[in-house]
Amino acid sequence: MSFEAWLLFAVTETLLCLSPGPAVMMIIATGLKRGAGMSIFSNLGILAGNTIYFILSATSLGALLLASYEIFFYIKWIGAAYLIYLGVTTWLEKDSVLEVPAEEQKLAGGGRLFLNALALQLANPKTLLFFVALLPQFINPKQPIAFQIFIMGVTSVVLEFFILLAYGSLAGKASELARQPRY
């Protein structure tokens, strides 16, 4: 992979990571409700889901999965149902957005935030479509493919980690400011 191809991939990946979607919304919600530090667990769950989809797409299992409309259809609807569930439960909550009850803080530790984010990302088959469509554009078939995919995978995870970290940190800071009486 040439430096120019890698740089173009990194710029493309950065722009796509900056665009809001379910993952970014989850990170922002976690940052607002739990603080910047706890949003890192959600961040890692999102990245674990992306890594799974990246591996699937890189090993051609993604193409096999996409070839089966029935499997894709079920994944899509399970993902939609999960997103609706998250939306309805958030809407029906009676607590203040900025106050987290002590019992909820105990239940929603880092592991639970990680698993919720992982489930959210795996329930979003658009991520798989994205990787299946994007990766071939940057691969040079005359060079070792596995190494190129590895470089793109590491680049993707590192870039998205820092972008999601920034979203979570900004949300956490906004939440801290909103809790101060003068604001």
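The values are calculated or read from the model by the stated rules, or taken from the named source; none is laboratory data. Just so you know, these numbers come straight off a predicted model, no measurement behind them. Cβ placement follows ideal geometry from the backbone for every residue including glycine, while neighbour counts extend to all protein chains displayed. Each accessible area value is taken on the protein alone, full model and side chains, heavy atoms only, with ligands, DNA and RNA left out. Shrake-Rupley method; radii C 1.70, N 1.55, O 1.52, S 1.80 Å.
The selection criterion, being of a type in the set (A, V, I, L, M, F, W, C) and either closer than 24 Å to A58 by Cβ or not in a helix (DSSP H, G or I) (or both), holds for L159. One residue alone among F41, F54 is under 14 Å from the mean Cα position of the chain (by Cα), part of a helix (DSSP H, G or I), at negative phi and modelled with pLDDT under 90, and that residue is F54. Of the residues making up segment 149-183, those that are under 17 Å from N50 (Cα atoms) and not hydrophobic (A, V, I, L, M, F, W, C) are G153, T155, S156, E160.
Going residue by residue through segment 7-30, is there one that turns out to be part of a helix (DSSP H, G or I), under 17 Å from I139 (Cα atoms) and β-branched (V, I, T)? Yes: segment 7-30 contains one or more residues that are part of a helix (DSSP H, G or I), under 17 Å from I139 (Cα atoms) and β-branched (V, I, T).
Would it be correct to say that I151 is surrounded by fewer than 18 Cβ atoms within 10 Å (Cβ to Cβ) and part of a helix (DSSP H, G or I)? Taking the combined requirement at face value, the residue satisfies it.
With respect to the conditions (1) open to solvent by 50 Å² or more (accessible area, probe 1.4 Å); (2) at pLDDT 90 or above, R34 falls short on a single one, namely (2). Remark: S175 falls outside the filter, which requires a residue to be under 12 Å from the mean Cα position of the chain (by Cα), hydroxyl-bearing (S, T, Y) and open to solvent by less than 60 Å² (accessible area, probe 1.4 Å).
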